[in-house]
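Here's the structure, in structure tokens; my notes come after.
Bear in mind these aren't lab numbers, they're just calculated from the coordinates by the rules spelled out. What you see is a predicted model, and the numbers here were worked out from it, not measured in a lab. Virtual Cβ from ideal backbone geometry, glycine too; neighbours counted across all protein chains shown.
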Amino acid sequence: MDGTEGLDLVKEIEKILGFKLKRRQREKIIEAYEFAFTHHQTQFRDSGEPFITHPVEVAKILAELNADLDTILAGILHDVVEDCDVSIDEVKEKFGKDVANIVNGVTKISNLNLTEKLDQKEAKFKMKVETVRKMLFAMSDDPRVIIVKLADRLHNMRTIHHLKNQVKRKEKANETLKIYAPIAHRIGIHKIKWELEDISFKTLYPEQYRELKLKMNRKLKERQYIMDEYKEIVTAELRKYRVNFRIEGRVKHLYSIWMKMVRKNKAFDEIYDLIALRIITESDVDCYKVLGIVHSLWPPIPGRIKDYIATPKSNGYRSLHTTLVTHRGEPLEIQIRSESMHLEAEYGVAAHWLYKEGIVSMKKNPWFEKLRDDEALISSFDDLSAISRALSGGDEIYVFTPKGDFIHLPKGATPIDFAYAVHTEIGHHFAGAKVNGNIVPVDYELKAGDRVEIIVNKASEGPSLDWLKYARASSTRAKIRRFFKSKTNVELVDRGREICKKLCKKLGKSMDEFLESETMNQVFKKFGIHSEKDLYLKLGEGTITTSELLKTIQPEEVETGLPEIAKIKVKPGRGKEVLIGGQSGIDVYFAKCCNPLPGDDIIAVISKRGISIHNIRCKNVRDIPLEKQLNAEWSFSIDGMYRVKVIIDFDASDRSIISKVIDKFKVKGAKVIKYTVESGKWGYDFMDANILVKDLGHLTSIMESLRAIKGVQRVVRVGGAL
């Protein structure tokens with residue numbers, strides 16, 4: 001280092017910012033550069049360049065976002081703690097508390113506490129989800145953490161072609177596409193989002209990228225003359241009204257084109273909104289004035305006028321969108337926004353707030369409060385795909401409350417989504433909805449501008465699992481799942497306690513005698529049980545069966561059976577697994593509507609075919625008269641395999657998931673009877689699989705393994721409690 005590099009960086013940052021920095025600010029940037037250079041001087045990038053080039057480029061990206069001094073300093077220093085022998089305390093001492101906090105937030109989280117039971121793939125999956133959760137949590141203290149992290153990832157993606165390991169390159173691109181690009185969208189930094197998506201697209205699908213880019217370049221050449229003509233017509237008309245404006249073309253970025261082709265199954269030539277005009281005015285009022293003028297030039301297409309100024313998107317985006325039919329008979333999209341709106345749209349509400357209002361004001365912004373809500377929900381999601389969808393938001397609509405407040409919802413949202421968006425408790429006690437004054441069904445698809453009123457049942461015990469079929473927002477599904485996860489644990493403990501009581505009765509012991517016996521220490525140690533409640537939970541969910549418990553407590557007695565059971569003659573054939581009214585050997589058959597498994601609470605029903613065994617939660621049992629119901633429970637003589645049906649929703653774009661699911665069944669010891677795969681909605685297909693398993697604990701283990709497969713969105717048991 002010859003002493004001029006730090007000054008050169010200052011000059012480049014000043015050029016990007018468009019103004020001269022104060023002397024003390026210049027000195028701080030030079031000091032940060034020299035500190036980073038000293039600690040990174042023996043390190044090199046995959047490109048062969050000195051490592052210091054990376055933090056320098058990150059600082060420049062942050063300057064483009066109009067970031068404050070502390071954020072730029074953190075960008076220069078963001079890797080010194082992770083990659084060098086530098087402590088956070090040292091950074092704090094030299095550059096202040098705020099810079100140290102940002103650097104600490106950006107530093108990668110490497111030591112996560114993962115349970116030993118997770119295999120390598122599951123551990124990696126959990127680590128990714130935990131990293132996202134911690135990233136959003138870090139934002140709760142200082143939003144600048146995520147802005148530096150995005151700048152860091154952007155430069156790494158710009159240079160990803162230097163990474164020789166193809167597998168790691170694709171992993172980075174996939175992670176960027178699913179996590180970082182949606183986060184950039186969520187905080188409104190579209191300029192970074194678009195670049196991250198296009199580079200990831202190029203890395204993951206190079207052939208499709210090259211082909212699409214070639215077609216796009218040809219289309220731009222073909223359309224240039226026509227777009228110039230439209231610009232001239234609009235410009236001439238606006239000048240008549242003495243409006244201050246500038247006009248530019250907007251070209252749709254490649255990844256969004258490709259996704260539209262995939263989602264709507266369209267060819268490139270069928271995509272008509274590749275190019276649009278963007279008119280940028282001096283004020284909000286001028287935006288509406290320009291809208292009226294362009295509508296006088298060409299007629300607008302009904303339903304294609306969107307006012308995101310009056311009702312901004314959830315990430316703060318504001319603009320007017322209209323689609324017109326020109327004199328050529330073709331559609332033309334025009335976006336109209338003010339200069340401040342344009343700054344926010346390109347670089348994000350976050351960066352604009354940093355520049356105009358400062359960090360304290362930004363934390364009070366409703367937009368930032370919404371990000372905290374995202375963090376609260378993130379741990380409820382099943383996989384990275386769910387997190388990605390939650391952060392990206394997708395196509396949105398806005399609807400109104402009875403008081404006239406507007407609520408953002410994903411396109412296709414239902415009244416249940418609206419109820420949960422207003423408040424979680426309103427969602428939990430949802431009983432119906434009125435839209436524009438009329439009662440609507442639960443699966444009614446809300447439309448932009450609808451006025452929605454929720455009917456609440458305060459006596460309701462909570463949501464139904466069936467609601468998941470009608471929920472379109474990831475946040476809605478997460479809240480419903482979280483409710484049942486909490487409720488199910490309580491129910492499982494109660495179920496386990498009842499199983500334990502029945503076992504004690506069979507053994508002729510009280511609960512206290514059973515739990516305080518010396519043999520129970522062996523049980524706790526063998527099954528990793530930490531408390532009495534933990535024992536009940538494991539019994540209730542089927543992780544531990546009563547037969548396994550007995551083998552540990554009284555291994556010598558299992559051979560001959562317990563005294564009470566020994567007196568009962570077991571008839572050959574199906575039926576020895578179940579006790580009907582305390583008797584075994586009674587011919588029964590297992591209902592196909594719910595396919596009960598050992599470990600489920602069960603009930604016997606007298607029918608024309610004989611006695612059927614149902615899961616106690618089976619909906620077909622609800623209307624059966626009590627006189628036709630019999631008490632039933634699993635005996636201690638359980639063996640063999642039991643049929644059950646599971647449905648797996650998975651990413652339709654990755655058909656390899658099907659073979660991964662089949663392999664997982666085999667590895668886990670389940671036998672596949674048959675399966676079918678059908679096309680679903682929202683980019684997901686579903687597999688309907690009939691399998692044979694040992695018991696509820698076996699099925700639980702299988703389903704958890706399936707949920708860990710990348711691209712699997714949901715795994716549910718048909719007719720059961722899982």
Assuming 0.36 nm per residue, please report the length gained on full extension of the stretch Asn174 to Ile673 beyond their Cα-Cα distance. 176.2 nm
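Does region 499-547 come out rounded, prolate or oblate by the C-alpha gyration tensor, with a ≥ b ≥ c the root eigenvalues, rounded set by a/c under 1.5 and, if not, prolate when a/b is larger than b/c and oblate if not? Could you put the intermediate results ahead of the total?
On the way: a/c = 1.79, a/b = 1.21, b/c = 1.48.
Note, shape of region 499-547 comes out oblate.
If R₀ is 35 angstrom, what is the calculated FRET efficiency for the pair Glu532 and Ser653, using the beta carbon separation as r and rounding to 0.05?
Numbers: r = 47 Å, r/R0 = 1.36.
That pair, Glu532 with Ser653, gives E of 0.15.
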Would you please put 64-77, 45-58, 260-273 in order of how densely packed they are, using the mean number of other Cβ atoms within 10 angstrom per residue and starting with the highest? 64-77, 45-58, 260-273
For labels at Tyr589 and Ser87 in the simple 7 Å Cα→Cβ model, what's the distance in nm? 7.4
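Fewest Cβ neighbours within 10 Å first, please rank Glu346, Glu491 accordingly.
Glu491, Glu346
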Computed FRET efficiency, Cβ-Cβ of Glu34 and Ala236, R0 35 Å: what is it to the nearest 0.05? 0.05
In nm, what is the difference between 0.36 nm times the number of residues separating Thr42 and Leu692 and their Cα-Cα distance? 228.2 nm
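For region 207-356, rounded, prolate or oblate, judged on the Cα gyration tensor with a ≥ b ≥ c (square roots of eigenvalues), a/c < 1.5 rounded, else prolate if a/b > b/c? Don't skip to the end; give the middle numbers.
Values: a/c = 1.80, a/b = 1.22, b/c = 1.47.
Here region 207-356 falls in the oblate category.
Work out, step by step, the length gained on full extension between Lys94 and Lys506: first 0.36 nm times the residue separation, then minus their alpha carbon distance; give nm to one decimal. Kindly include the intermediate steps, with their values, before the conclusion.
Details: separation 412, 0.36 × 412 = 148.32 nm, distance 7.11 nm.
Difference between extended and current length: 141.2 nm.
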At 7 Å along the Cα-to-beta-carbon direction for both Arg158 and Val490, put a label point, then send me their distance in nm to one decimal. 5.4
Post the alpha-carbon centroid distance, region 158-185 to region 695-714, in whole angstrom. 28
What number, in percent, do you get for the relative contact order of region 630-722 if the mean sequence gap of Cα pairs under 8 Å and at least 6 apart is divided by its residue count? 40
Given a Förster radius of 45 Å and the C-beta distance between Glu513 and Leu204 as r, what FRET efficiency does 1/(1 + (r/R0)^6) yield to the nearest 0.05? 0.15
Inter-probe distance in nm under a simple model that places probes 7 Å from Cα toward Cβ, at Leu626 and Asp663: 5.4
What is region 144-274's relative contact order, in percent, from Cα pairs under 8 angstrom and six or more apart in sequence? 20
Size of charge dipole - region 219-273 - debye, nearest 20, with Cβ of Lys, Arg +1 and Asp, Glu -1, no other charges: 260
